[in-house]
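Pasting a structure below so you can have a look.
The values are calculated or read from the model by the stated rules, or taken from the named source; none is laboratory data. Predicted model, so just to flag it, every value in this text is computed and none were measured. Positions of Cβ are backbone-derived with ideal geometry, glycine not excepted, and every protein chain shown enters the neighbour counts. These area figures cover heavy atoms from the full protein model, side chains too; ligands, DNA and RNA do not enter into them. Shrake-Rupley method; radii C 1.70, N 1.55, O 1.52, S 1.80 Å.
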Amino acid sequence: MKIDDNNNFLLKNYVEHHVQIKNQIFRIQQFFMRVITILFFFSLITLGACIFKIIELKLLSIECFSMCLYLTCMLFQIFLYCYHGHELTLKSKIVLNAVYNSNWTSLNSKNRKSLQFIMQFSSMGVVISHHGQCTLNLNTFVWIMKTSYTALNVLRKE
């Protein structure tokens, strides 16, 4: 992104575009996260039940294989949601870096304020979550994997 004083119209479009993106993310979060939260809740219950069932089955049986395949597919589905939420956060940070690396010191004060506005919103990053819970990022997926492994170890010992 190359920004200088000759691109006032272009800079105004960047700011308007950034505000529109934030509004769209807010709308997506309001609608979509209700569904994702319910999906995560029932996925965790199903995941626990699946792990419990796998422990009861013989290791090399067809039922164990099919249950492991089901578990893998379910984890892959959760991974896709978490991965794309994480990628959205990383892409929002690219805007921050592009503004910072531009020649913003040569701009007039109005354009610097516009860039500062973009930088402030970009520095927070775009995080999709449901009231701070059920955040879509790779840390959530790692937490799910750790919880599943812990549940598996606890159930095996009993």
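Counting just the Cα atoms, what span does segment 90-158 cover along each of its three principal axes? Round to the nearest Å and put the largest first.
Each principal axis gives a Cα extent; for segment 90-158 these are 69, 23, 11 Å.
Beyond 20 Å, how much of the Cα-Cα pair distribution for segment 48-138 remains, as a whole percent? Kindly include the intermediate steps, with their values, before the conclusion.
Working: 2410 of 4095 pairs.
Cα-Cα pairs of segment 48-138 separated by over 20 Å account for 59 percent.
What angle do you read, to the nearest 10 degrees and between 0 and 90, between the alpha-carbon axis of helix 62-101 and the longest principal axis of the chain?
Its long axis makes an angle of about 10 degrees.
Per residue of segment 16-21, what does 6.51 cos²θ - 1.76 cosθ + 1.60 with θ = phi - 60° give for ³J(HN,Hα)? Whole Hz please, x for Gly and Pro, Karplus curve as stated.
4, 5, 5, 5, 5, 4
Leaving out ligands and nucleic acids, and using a 1.4 Å probe, what accessible area per residue does segment 95-145 come to in Å²?
Dividing the accessible area of segment 95-145 by its residue count gives 61 Å².
A further question follows. Of the heavy-atom accessible surface of segment 12-158 (probe 1.4 angstrom), what whole percent is carbon and sulfur? Write down the numbers at each step before the final one.
Numbers: 6610 of 10080 Å².
Here it works out to 66 percent.
Something else now. Starting from the coordinates of the alpha-carbon atoms of the chain, obtain the Kirkwood hydrodynamic radius over all distinct pairs and give the value in Å to one decimal. Please report the intermediate quantities before stating the final value.
Values: mean 1/r = 0.0538 Å⁻¹.
About 18.6 Å, per the Kirkwood formula over Cα pairs.
Here is a follow-up. Counting only helical runs of four or more DSSP H residues, what would the 222 nm mean residue ellipticity of the chain come to if each run contributes -39,500 (n - 2.57) and the total is spread over all its residues?
Using -39500 (n - 2.57) per qualifying helix, the result is -28500 deg cm²/dmol.
Counting Lys and Arg as +1 and Asp and Glu as -1, each charge on the Cβ, what is the dipole of the chain about the Cα centre in debye, to the nearest 20?
Dipole about the Cα centre, nearest 20: 300 debye.
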